[in-house]
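Peer 1: This structure is in structure tokens; I'll ask about it shortly.
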Amino acid sequence: MHVGVAGLGKMGAAIAERLIETGNTVTVWNRSADKCRPLAAAGAHVAANPAALAGAAEAVITILTDSAALDAVYGGPAGLLAGAVKGKLFIEMSTLPPAVDIALAGKVRAVGATLVECPVAGTTGPARQGKLIGLMGAEPADAARAKPLLDQLCRRLEHCGPVGTGAIMKLAVNLPLIVYWQALGEALALCGPLGIDPARLVDLMSDTAGAAAVLKLRGPAVAKMLKGEDAGPVTFALADCTKDLRAMVAEAAARGLALPVAAQTLTCFEEAGRHGLGSADAARQPVYWSGRTAKA
């Protein structure tokens, strides 16, 4: 299959690499052209603009930072929807508010194409291995059409309902994960006076009923950061957690719901961002909070 990938951040690049390895013809585009070079070296074609990408591919995957980036890539004279795209499949994998994907679906339908939303749970490692969890929002026939391609990326593919439901499920999946990083920071702060070696402390925490599954994977990185050491590449940026928390709180408010824990966690992540940690890994949040004083 000829697949286009627009947006070559960490996840987009990992998805493109995976699709090359599974035997697809892949064309890529990114606003910053330098991010295309490693994919080109791996065998991908590089499109001059989003319109050219959509013209070349049978299906296009987009995974972008926010709604502004989405509007820029899909719209405009050189956007994905600018050319003859009737009958083509667009798979939108960004983590965005549901209203954004619902509006996009209408624009895609208006030019005779199909949109399936499928934000994913998982980071770059699972993306490279085809072990993401896909959260589809689409009409049943459209979901069935997208499934063979998404099965190459996902170990589990859930059809949540029409467009918009996948976005809600992604926010719901991310909520306890992000809250956990803050809760872990508070637990580590309580343990500070004990003087326990960070690796030992994190290992103990990960072996208890209160631990989230992510600590088994990211615990060693947390321990390294607690020691002031480099923890390796960023897998899920703290700024992205902040963006998702804002979307969760706003979506809940629009539905007449309260998310007090998420709302308070948002203020904590915003504080870390003000201290220059937005580009750091989300696992940096508990490290930051464990060293914070009550007067901070």
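Peer 1: Kirkwood hydrodynamic radius for region 1-157: how many Å is it when counted over pairs of different Cα atoms?
Peer 2: Evaluated on region 1-157, it is 15.1 Å.
Peer 1: Residue by residue through region 201-207, which ³J(HN,Hα) values in whole Hz follow from phi under the Karplus form 6.51 cos²θ - 1.76 cosθ + 1.60 (θ = phi - 60°), with glycine and proline marked x?
Peer 2: 5, 5, 4, 5, 4, 6, 9
Peer 1: Evaluate the relative contact order of the chain (contact order divided by residue number), counting alpha-carbon pairs under 8 angstrom at least 6 apart; express in whole percent.
Peer 2: Relative contact order here is 14 percent.
Peer 1: Then there is this: As an exercise, take the mean of 1/r over every pair of distinct alpha carbons in region 114-183, invert it, and state the Kirkwood radius in angstroms.
Peer 2: The Cα-based Kirkwood calculation yields 12.3 Å.
Peer 1: Once the whole set of protein chains is in place, how much accessible area is left on F236, using a 1.4 Å probe, in Å² to the nearest 10?
Peer 2: My reading of the accessible area for F236 is about 40 Å².
Peer 1: Report, for region 31-151, the % of DSSP beta bridges that are antiparallel, rounded to 5. Please list the in-between numbers first.
Peer 2: Values: 3 of 11 bridges.
Counting DSSP beta bridges with both partners in region 31-151, the antiparallel share is about 25 percent.
Peer 1: Taking amide hydrogens as modeled 1.01 Å from N in the peptide plane, which residues meet the under 5 Å criterion relative to C154, leaving out close sequence neighbours?
Peer 2: L132
Peer 1: Any idea of D197's accessible area? Nearest 10 Å², probe 1.4 Å.
Peer 2: Surface open to solvent at D197 totals about 70 Å².
Peer 1: Separate question: Give me a comma-separated list of calculated 3J(HN,Hα) values for region 230-238, in order, Karplus coefficients 6.51, -1.76, 1.60 applied at θ = phi - 60°, integers in Hz, x for any Gly or Pro.
Peer 2: My calculation for region 230-238 gives 6, 9, x, x, 6, 9, 8, 5, 4 Hz in order.
Peer 1: Taking the Cα atoms of the chain alone, what are Rg (to one decimal) and Dmax (as a whole number) in Å?
Peer 2: When restricted to Cα atoms, the chain yields Rg and Dmax of 20.0, 65 Å.
Peer 1: If you don't mind, another one. Taking all protein chains in place and a 1.4 Å probe, what share, in percent, of the accessible surface of region 1-126 do carbon and sulfur account for? Can you show the working numbers first?
Peer 2: On the way: 2690 of 4860 Å².
Accessible surface attributable to carbon and sulfur in region 1-126 totals 55 percent.
Peer 1: Sticking with this structure for a sec: Just need the relative contact order of region 177-238 here, percent rounded to a whole number, with Cα pairs under 8 Å and 6+ apart.
Peer 2: For region 177-238, the relative contact order is 29 percent.
Peer 1: Please tell me which of these pairs span more than 24 angstrom C-alpha to C-alpha: K10/K170; K131/K216; K170/K216; K10/K107; K10/K243? Intermediate results must be reported in sequence, preceding the final value.
Peer 2: Numbers: K10/K170 18 Å; K131/K216 17 Å; K170/K216 21 Å; K10/K107 27 Å; K10/K243 17 Å.
K10/K107, as the Cα separations exceed 24 Å there.
Peer 1: Here's something else I'd like to know. Report the Cα-based extents of region 81-203 along its three principal axes, largest first, to the nearest Å.
Peer 2: 64, 29, 25
Peer 1: In whole Hz, what ³J(HN,Hα) sequence does region 65-80 give by Karplus (6.51, -1.76, 1.60; θ = phi - 60°), x for Gly and Pro?
Peer 2: Couplings: 5, 7, 5, 5, 5, 4, 4, 5, 7, 7, x, x, x, 10, x, 4 Hz.
Peer 1: Same structure, new question: Just read off the accessible area of Y288 with the full protein assembly in place, 1.4 Å probe, to the nearest 10 Å².
Peer 2: It works out to around 30 Å².
Peer 1: Follow-up. Quick one: dipole size for the chain, taken about the Cα centre, charges +1 on Lys/Arg Cβ and -1 on Asp/Glu Cβ, in debye to the nearest 20. It would help to have the intermediate numbers written out before the result.
Peer 2: On the way: 28 positive and 25 negative charges, 34 e Å.
The calculated dipole for the chain is roughly 160 debye.
Peer 1: Something else: At 1.4 Å probe size, with every protein chain present, just tell me what the per residue accessible area of region 229-275 comes to in Å². Kindly include the intermediate steps, with their values, before the conclusion.
Peer 2: Numbers: 2460 Å² over 47 residues.
About 52 Å² of surface per residue is accessible.
Peer 1: Calculate the dipole size of region 71-223 relative to its Cα centre from +1 charges on Lys and Arg beta carbons and -1 charges on Asp and Glu beta carbons; express the result in debye to the nearest 20.
Peer 2: On the way: 14 positive and 12 negative charges, 98 e Å.
About 480 debye.
The values are calculated or read from the model by the stated rules, or taken from the named source; none is laboratory data. Computed from a predicted model, the values in this text were never measured in an experiment. As a convention, Cβ positions derive from the backbone with ideal geometry for all residues, glycine included, and neighbour counts pool all protein chains shown. Ligands, DNA and RNA are stripped out before the accessible areas are found, and what is left, the full protein with its side chains, is counted by its heavy atoms. Shrake-Rupley method; radii C 1.70, N 1.55, O 1.52, S 1.80 Å.
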